[in-house]
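Below you'll find the structure, written out as structure tokens, and then a few comments.
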Amino acid sequence: MKSNLLPGPGKVAWQDNKPFLRFILSLLVILSILKIIFYRYNHPYIFATAGETNSFSDTLRMIKWSLLNDLFILALFNTPLLLLLHLGRLISGKWISALLFMLFVSVNSLILLINLGDIFYFPFHFQRANADLLFVLKHPLSQLFRQPFPVILCIVLGTVLVIFFCSKLCRSFFRAFTAGNRALASLLLLLAAFGLLSLNRTALNSSLLPTRPLVELNSSQLLVVQNSMHTFLYSVFRSEGSSLLIRYMPDEQCDSLMPVRKTLATSLSDSSRRNVVLFIMESVPYDFFDGSGPYKVQMPFFDSLLQKSSFYDRAFCYAHQSNKGITAILAGIPTLSDIPVYHSAGVNMPVTRLGTILRNNGYRSLFCIGDDHDDFGFAKCVNWLGFDQYYSKEDIPGYRNLPRHTMGIQDEFVLGFFEKKISEADQPFLAVQYNISTHYPYDLPEDFKQSFPAHYTRPMKSMAYYDRCLGQFFAKAEKEPWFRNTVFLFCSDHWLVPDDTRKNFNAFSGYRIPIILYDPAHPEKKTISRPVSQFDIPGTILGLTSYKDGLISYGYDLQTDDPSGNIVFSRANANLYQATDSAFILGFNRNTGKPEFLYRYTTDPALEHNLLANEKYKPVLDQLGLKMKAFLQKATMQYHGKPFK
């Protein structure tokens, strides 16, 4: 490289800066293309909550914010790279040029690739990339090549094209830089801009926020314009940002609206304590049980079970991620941060540790999953909650030779192991089994030969297999002495699309899951249609064990009436939360502190009529809004360890 620091004599500023500006604009075009693909591929998911009602002016605002977000990220990363390139000219040797070239290619390729990857990963967690990726992407290459071929082809081809074009753009810019077109004015302007920005803390914080477009856009539109590298890095370095303390009202009012410390009302005596077996069902939507819908699965076991069980047909998950579902189900608390509670400072918050309480009450507790040990951090979660035993696939004899699913061992072999461990356990006990065969990509064992109706999707087929596995488990279990004194609970960890080729859902149907309670000692068919949630599982378990002391939970006992007015809460993403009662569903943006939608799902199941501006429903809006604010305030107080009632 030449050693002169200034452009050659007579060189106009435009000629000097043109290659760098062309480099940045070319990257911006690629990012915009990826945004368009992201929008088209994930369109049903993005606007599932409030529906798409974008006007022409909304579209222009989305384009503006999309370009601003991408330009900010490109400038943020390429300014220090350009500075290093100038400083590198002071060092002799070709190696420094090669090193800086690789650095340019690597950094800019990473920006593009994380936006490319988000196109395909978004349907699994319904938000842009965040720190949660660090805890769920285990062995990404091996998992990639177990995906459907079209997905593999798109990802591999996209990766090759991104790296190819990025390398070509970097090479073109480096040639121009060597020839003397060094973008000195661009560098000085960028350094000055970021320098001035750093002097104004308010402006700096605003620029760093991935949610800054919310001043003009709603949360659904925000997902379209965000840059995945931006959301990921902000989430990594501000992993606790979503749980910052919120105060909407006096603490006394919050305590009365959202009582989290509660005492269970149980009529059981110590001599009538029951064993409890909980099946956490991976990615199982309510749709598989809905006889009026197109995705009802023929399930001999479940269809028979529902004739003698309590079926909660208006149950809702808290979020769309397994690591948030397990915390809601086993701890009865919401996850506010992007990362799991048990990976955060939230492990020190006041919480009811289910395993510890049961041990003090004379119970043994065990947890079983056919996945790798501590995959998704489940071993940490179970240990945090005080369970006595944790079993994963490595504990199953001969696991290396057993039929495998992408995520681990197929359910029938894990359930056989689980049944054996239960039979060996001292009574009374709590036993939890987390299945995996209904997890994407829905691998089925080669020996599972069953003819399916033509309309069956891959998720439906995996549910049929899981149903057979549970039937085999119960055929053995009902012969055991512990069976009659055991209550069985079934709860999905989160909703996921029943048809992975058609993405049709909304803010109501996209959170609806099955919850079932079966008591062999009292077989009775019941259908309960009041809203319930995953938060109700811990209170139900403790109620069955005759526990009479206090607990911390955002739910109640499924077997008792809910005194809160049957309102359940869900987390759509870091910005949007939902409150659902027996007729309405409210969408509330915690960043703006304002509601975004109100639907009456009982008369408008497709959620086509937003009632937010309808004065007739203002009392409903105010009531649900107040409950939502109390929920968020109480949850953030808990995360910060503040005293609360």
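Can you tell me which residue within segment 429-451, out of those that are at pLDDT below 95 and farther than 27 Å from His125 by Cα, is surrounded by the fewest Cβ atoms within 10 Å (Cβ to Cβ)?
Applying the filter and picking the extreme gives Ser451.
So if I check each of Ala574, Ala606, Ala613, which one is among the hydrophobic types (A, V, I, L, M, F, W, C), assigned to a loop (DSSP other than H, G, I, E, B) and farther than 20 Å from Lys629 by Cα?
Only one candidate passes the filter, namely Ala606.
Would it be correct to say that Asp371 is modelled with pLDDT under 95 and among the acidic types (Asp, Glu)?
Criteria met by Asp371.
Is it the case that Met258 is at pLDDT 90 or above, hydrophobic (A, V, I, L, M, F, W, C) and under 19 Å from the mean Cα position of the chain (by Cα)?
For Met258, the condition - at pLDDT 90 or above, hydrophobic (A, V, I, L, M, F, W, C) and under 19 Å from the mean Cα position of the chain (by Cα) - is not met.
Taking Phe474 as the residue in question, decide whether it is over 30 Å from Ser570 (Cα atoms) and of a type in the set (Phe, Trp, Tyr).
So Phe474 fits the description; yes.
Look through segment 89-102, keep the residues that are in a helix (DSSP H, G or I) and surrounded by fewer than 16 Cβ atoms within 10 Å (Cβ to Cβ), and return whichever of them is farthest from the chain's Cα centre (by Cα).
Across segment 89-102, the extreme among qualifying residues is Lys94.
Kindly indicate whether any position in segment 160-181 is loosely packed, with under 11 Cβ neighbours inside 10 Å, hydrophobic (A, V, I, L, M, F, W, C) and either out of contact with any Cys (no Cβ under 9 Å at 6 or more places or on another chain) or closer than 22 Å to Asn115 by Cα (or both).
The answer is yes, given that some residue of segment 160-181 is loosely packed, with under 11 Cβ neighbours inside 10 Å, hydrophobic (A, V, I, L, M, F, W, C) and either out of contact with any Cys (no Cβ under 9 Å at 6 or more places or on another chain) or closer than 22 Å to Asn115 by Cα (or both).
Looking only at segment 458-508, filter to residues that are aliphatic (A, V, I, L, M) and either within 29 Å of Gly332 (Cβ to Cβ) or not assigned by TED's automatic domain parsing to the domain that holds Gln410 (or both); which one of those is farthest from the chain's Cα centre (by Cα)?
Ranking the qualifying residues of segment 458-508, first place goes to Ala477.
The values are calculated or read from the model by the stated rules, or taken from the named source; none is laboratory data. A quick note: this is a predicted structure, and the numbers were derived from the prediction, not measured. As a convention, Cβ positions derive from the backbone with ideal geometry for all residues, glycine included, and neighbour counts pool all protein chains shown.
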